[in-house]
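The structure appears below as structure tokens.
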Amino acid sequence: MNSSDKVLITVRIIKSFEYRTCRNMVIPVDIKTSTIDQLKQQCQELINSDSKFKPFRTVKFDTLKIYTQAFGNKTQNLIINLEDAGFLEDGDAILQDVGVISETELSLFNREAYDAFKKNPEIKW
């Protein structure tokens, strides 16, 4: 694989929905061969090795969801897309096959925390 096969993906690492605690991770990914599980693993390795993600190491990140795509509509919620669509749940699926394109923004978060926030979407400061 050469560098022209890779595209840039922004992954929003979400620690807290209520406090809007997130940090972006821009990573090059080969969307034609990489799976969802491989992307999760790559993100987790960066979280564990990069000191700017140290406060995020206490969260069990288990879910990826499409936040927005280049030239697409953005959600009004600043932290996460609350629509029911966009979950990337099949870990063996190739990123390109599930709609990931260049400059797609994904959210990586804890599903249990997401479900609790969706039931009561209260923002705390």
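For the stretch 77-97, a residue qualifies if it is at pLDDT 90 or above and assigned to a loop (DSSP other than H, G, I, E, B), and the qualifying residues are Asp90, Asp92, Ala93. Please find, within the stretch 1-25, the residue that is farthest from the chain's Cα centre (by Cα) out of those that are closer than 22 Å to Tyr114 by Cβ and loosely packed, with under 13 Cβ neighbours inside 10 Å. Of everything passing the filter in the stretch 1-25, Tyr19 is farthest from the chain's Cα centre (by Cα). Just to verify a result, which residue in the stretch 98-116, among those that are within 16 Å of Lys40 (Cα to Cα) and not in a loop (DSSP other than H, G, I, E, B), is most open to solvent (accessible area, probe 1.4 Å)? Restricting to residues being within 16 Å of Lys40 (Cα to Cα) and not in a loop (DSSP other than H, G, I, E, B), the top hit is Arg111. Cβ-Cβ contacts under 7 Å between residues 6 or more apart (or on different chains), taken from a first residue in the stretch 41-52 that is assigned to a helix (DSSP H, G or I) to a second residue that is open to solvent by 70 Å² or more (accessible area, probe 1.4 Å) and of a type in the set (D, E, K, R), are listed as Ile47/Arg57; Asn48/Arg57; Lys52/Arg23. The one condition from (1) more than 14 Å from the chain's Cα centre (by Cα); (2) open to solvent by 50 Å² or more (accessible area, probe 1.4 Å); (3) closer than 27 Å to Glu83 by Cβ that Ile31 does not meet is (2).
Looking across Ser51, Ser34, one residue alone is among the small types (Gly, Ala, Ser) and touching a strand residue (DSSP E or B) at 6+ places or on another chain (Cβ under 8 Å). It is Ser34.
The values are calculated or read from the model by the stated rules, or taken from the named source; none is laboratory data. Here the structure is a predicted model, which means the values were calculated and not measured. Using ideal geometry, Cβ is built from the backbone for each residue, glycine included, and neighbour counts are taken over all protein chains shown. Please note that ligands, DNA and RNA were not included when accessible areas were found on the heavy atoms of the full protein model with its side chains. Shrake-Rupley method; radii C 1.70, N 1.55, O 1.52, S 1.80 Å.
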